[in-house]
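Presented below is the structure to which this report refers.
The values are calculated or read from the model by the stated rules, or taken from the named source; none is laboratory data. The structure presented is a predicted model; accordingly, all values stated were derived computationally and were not measured. Here the Cβ positions follow ideal geometry from the backbone for every residue, glycine too, while neighbour counts run over all protein chains shown. Calculation scope for accessible area: heavy atoms of the full protein, side chains included, ligands and nucleic acids excluded. Shrake-Rupley method; radii C 1.70, N 1.55, O 1.52, S 1.80 Å.
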Amino acid sequence: MHPIDNDIKTGTFKQIYLLYGEEGYLRRTYKNKLKNALVTPGDTMNFTAYDPDTIDVKALVELANTMPLLAEHRVIICDRCVLFSKSNDELASYLKAPNETTVLICLEESVDKRTNTYKAAKANGQLIECTLPK
């Protein structure tokens, strides 16, 4: 069983999911599975999606540290925001001690495994490499 499917089945979610790799279909499939399991349809107060044009790391960290309103989780999705291709001290600091009620789902085509953000996500979250089958 895939780790995401296991998390959904057991209802125990990580605070950080980093879905990365060249296979966009798998990244989107895993993102949608998590979103459907965590977000109540129509809940716009506890769900936020960022894309490369709207991302502001400071606002992202502030939102991630905000408790959800009348829900178990706050869900934040960052799709291709290039957060893991260079170091970012503010984001890395959050990833080292993520809010227990926030689930941060990041989708990236490529990551730099040497950055402090990647290392913090690896230490405290679930990283899934989405590659083309051989």
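Things worth noting here:
- Filtered residues of the range 51-69 (kept if of a type in the set (V, I, T) and either surrounded by 16 or more Cβ atoms within 10 Å (Cβ to Cβ) or at pLDDT 95 or above (or both)): V57, V61, T66
- Within the set E72, E100, the sole residue that is of a type in the set (D, E, K, R), surrounded by fewer than 14 Cβ atoms within 10 Å (Cβ to Cβ), closer than 28 Å to G11 by Cβ and free of Cβ contacts under 8 Å to residues at least 40 places away in the same chain turns out to be E72.
- Hey, A120 open to solvent by less than 80 Å² (accessible area, probe 1.4 Å), touching a Lys or Arg at 6+ places or on another chain (Cβ under 8 Å), modelled with pLDDT of 95 or more and small (G, A, S) or not: yes
- Complete set of residues in the range 2-25 that are open to solvent by 70 Å² or more (accessible area, probe 1.4 Å), assigned to a helix (DSSP H, G or I) and within 24 Å of V82 (Cα to Cα): Y25
- The range 26-50, residues that are free of Cβ contacts under 8 Å to residues at least 60 places away in the same chain and open to solvent by 60 Å² or more (accessible area, probe 1.4 Å): N32, K33, N36, T40, P41, G42, T44, M45, A49
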